[in-house]
Structure formats: C-alpha cells, structure tokens
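Notes to accompany the following structure.
Taken together, the values in this text are just the output of simple stated rules run on the coordinates, not laboratory data. The model shown is predicted, which means the values in this text are computed figures rather than measured ones. Reconstructed Cβ throughout: ideal geometry from the backbone, glycine too, with neighbour counts over all protein chains shown.
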Amino acid sequence: MSAEAPRAGTGCGGPAVPGPGSPAGMEPALPPASPRPVPGGGLFGWLRGRCLGRSAAVDPARDTFRAMTGLYGSIQPADSVYLSTRTHGAVFNLEYSPDGSVLTVACEQTEVLLFDPISSKHIKTLSEAHEDCVNNIRFLDNRLFATCSDDTTIALWDLRKLNTKVCTLHGHTSWVKNIEYDTNTRLLVTSGFDGNVIIWDTNRCTEDGCPHKKFFHTRFLMRMRLTPDCSKMLISTSSGYLLILHDLDLNKSLEVGSYPILRARRTTSSSDITSSGSSGPRAVGSPCHQSDSGPLSEKHMSRSSQREGGSPRNSLEVLTPEVPGERDRGNCITSLQLHPKGWATLLRCSSNTDDQEWTCVYEFQEGAPVRPVSPRCSLRLTHCIEEANVGRGYIKELCFSPDGRMISSPHGFGIRLLGFDAHCSELVDCLPKEASPLKEIRSLYSHNDVVLTTKFSPTHCQIASGCLSGRVSLYQPKF
C-alpha cells in the first residue's frame, strides 16, 4: 500500500488549516455570520439574495449550519466511534435516513447493516439482502429505502418490517450502481454498468415489482445523479465525458437519436473562457451511441439552434470536464455528487493510467449562449485538489455537507474535510475568477485500510466513513 496513506495512531489527524484566532478548543474557526454585500444593493440585491437562498426568510437555518460547520473543524481523530461490522467485506456506501435516525451500510458480501447513529447501537443486519455486492442505498422517505447490487436487481425495504423485502425490481442486465429518487413524481431512477438508466413507478408498486421503462442508454456509464429540483440529470462515464440532460422530463422515454444535442465541448475554467482551444471533446470513446465516430453528427449539430429559441425537454449536452494535469490525457469520472442547493457538481476523477486522482467542483452556468454559433458550456471549474491516489481501482464516494459549505472526501486511510475557503464560506460567496485549490479544514484518520465512502448526517454534527476492510467510523465533536 502506498506510503501516502497515514495509518491510525500516527498523529496525522491534526487540523490542516486552523481558522484565524481560533483556540485549540471547540470554538468555531469562522468569522461572524454576516453575508457578503450583494452588488447593486437595494431591492434588486435583496431579490438576488433570495434567489441564491441567502435570505433569512428563505434559509432560516443558515446561521445554525454555520455554527455546525465550525464544530466540524474541531473534530479530532480520537473522537471517532467504531461501529462493529465483523466480516461483512468492504463498505461501498453509507446512507442516513432523512431524519438522521438510521445509518445504513452497503457491504461487499451481500449484506446491509443498520445502526442508530446517535447511540452507535446496531439495529439490524439484512444478511441476504442481495446475492452479490450491495453498491448503493437510497431513502425514499423516513421509512422506505432502496438498495441495488451487482446481482442486477434493486430491492425495496420498509424499516417497520425488515424481515422481508417489499419487492424486488428486475430490469437491468448488469451491475446496478446508482439509485436516485424524484420526490415530486415518486419515480425511482437507477443506472448500471449495462449503460441503462431505468425509471420505476413506485406509485404502482406490488409484491411482484414496479412498472418500469428504459429512459436512456449510453456507453461507459459510471454514475447518474438528479439535481435537487430534478430539472437536470447528470451522467458520468469512464471515458471522461459528462452528459447533462436539461429540462428533464422523466415521463418521456428517450429512444436512440430522439434527444436534441445542445453542445459538445470541454468545460472551461475562467482563464480559458477567452481562449479558442479545447473547442470539442475527444472523438475516441464517445459515450453517445448514435455514432461510433464521435458524440455528434451533422444532423445533431443543426438541432442546437432549437435551444436558443426555446427549451426542448431532455436536451442533451456532452462535456469533457477540465481536470488539472489531464489536458491531453484521458480520465475516468468515478464519483459524481450535486450541491444540495443545485449550484454545482462535485466530481472525483482519476487518470486513465491511474497515477493521478482529483476532486473538482464545477459551477453551473445558466443563461443563453453569448453567440448562437458558439454555444457556452454549462459548467465552469471553480475549485480542485489532488487526492492521495491510494487504493487504485476502487471508487471513492465523496459528499457535500447538508448546507453545501464543506466536502468530505476519502483520502488514503481517512477523510479530509474541504472548504471553498478557509472560513467555510458558501460557494456563491467565494467564487474565484480562476480555478482555485480547495482548502483543507481537517484531516481525520482512524481506519486501517483505504476509505471508500463517507457521508454527512443530514441532521446532526456527525460524519461517517467506511473502508475496504469493513470498518465504519463515526466522527462527532465531544462536548
């Protein structure tokens, strides 16, 4: 194992970037909670603040989350609580219930574990949840949750009756890796290594399963996510492409060639906006299945003008995200997350040669193209940081904090808490003109193997992490 991964007990878990004037105790290393003045001020400034969720009337929990962010920066490795998972194999995914009362653990050896994260007590082991590795867990509400597996199935569970599944869903032909849920339509969305995105109607669920349809297909699919308002679907691929479906309509099934393509190009950092390079993505390994020669054809390029006069539903955008150090080399987008307010996307990228790994944040850029003949990119690289590149070949799942101020990222035998600046400001309050490094707020190392997944509690000041050898650790400040 690489020497870059510090082991537990080596004294590597101290604060990385202490806040100015912060004592060594529990005081948050954050400045007073005063929002940055909005250019223009007055009524228009107030309205813009409301649109960004920065008004007390819109986000009354803003100051509460700010205090919690300060507490995260005071957590020490010794504060971790070990949850016994015995020999259930690697931990691939962690998921809290929406009310924070249950922590579920997806295990390599067919099992799902349930814990009370407050008392750290074991609740239940679903010993044969699936017939192969359990990859992902998603709560539909405070009692119903779904699991997916390499056995190609999805299972629905009810916390009130865990002795049996609610139902098993069949439809994928390869490993199922990802589950999303649209709370408005009650549609379950899954993706797998068969390249399919499948929609399941949980409104008509029976013991035999749910009605379903294939919504989308692409080659090299890795992860799929929905924005919080379900207006976009993002799909990452092992060939380095990021696909965005705009103005999403999950009720409309997309057949081959039926979706208009908006644009296909490399995303830019601010310093690249005025340059004429990177005008298009690589043709090799294109994820779009209409043509083997590249993601676009003449007829699809002509459709891009449809977007200028209107907004066709499920319009496809194909991007090659800008990754530091990877301008001329391919990369694989292994992990994909969305900012809780829909402002940005968070990617974990590794090089095709597996010798570099990066965590990158891309801001969504809305609005019309500057010139019809030169369509804009929807994403702009704002922050990034190089990772330890330990545990090659395994996917590391990172996450945003509930308020979006912090990122928890697997790093060797532990996790790093990262901020957009040293004060854990909100992204909209510290957008750089050029791509800037993420700031390390705290490093926490308590595992004896490579950490594969991490998750913030949605309701408590707590972070969970799981590693390759099956250990789950909970981090929370001691009062």
Pairwise label distance in nanometres, Asp158 with Ser231, each label 7 Å out on the Cα-Cβ vector: 3.6
Just to check I understand the Karplus step: with θ = phi - 60° and J = 6.51 cos²θ - 1.76 cosθ + 1.60, what whole-Hz values come out for region 126-141, glycine and proline as x? 8, 5, 10, 4, 9, 9, 8, 3, 8, 9, 8, 10, 9, 7, 8, 7
Using alpha carbon centers only, region 181-200 is separated from region 110-177 by a whole-angstrom value of 16
Starting at the first residue of region 387-400, write each ³J(HN,Hα) from the Karplus equation 6.51 cos²θ - 1.76 cosθ + 1.60 with θ = phi - 60°, in whole Hz, x for Gly and Pro. 9, 6, 6, 9, x, 4, x, 9, 7, 10, 8, 9, 7, 8
Between Asp201 and Thr185, what is 0.36 nm times their sequence separation minus the Cα-Cα distance? Round to one decimal in nm. 4.9 nm
Length released on extending from Gln365 to Ser127, taking residue separation times 0.36 nm less the Cα-Cα span: 81.2 nm
For region 134-204, size of Cβ-based charge dipole, Lys and Arg +1, Asp and Glu -1, in debye: 300
Could you tell me which of the pairs Lys165/Lys214; Lys433/Lys455; Lys341/Lys433; Lys161/Lys455; Lys341/Lys439 are separated by over 27 angstrom between their Cα atoms in the structure shown? Lys433/Lys455
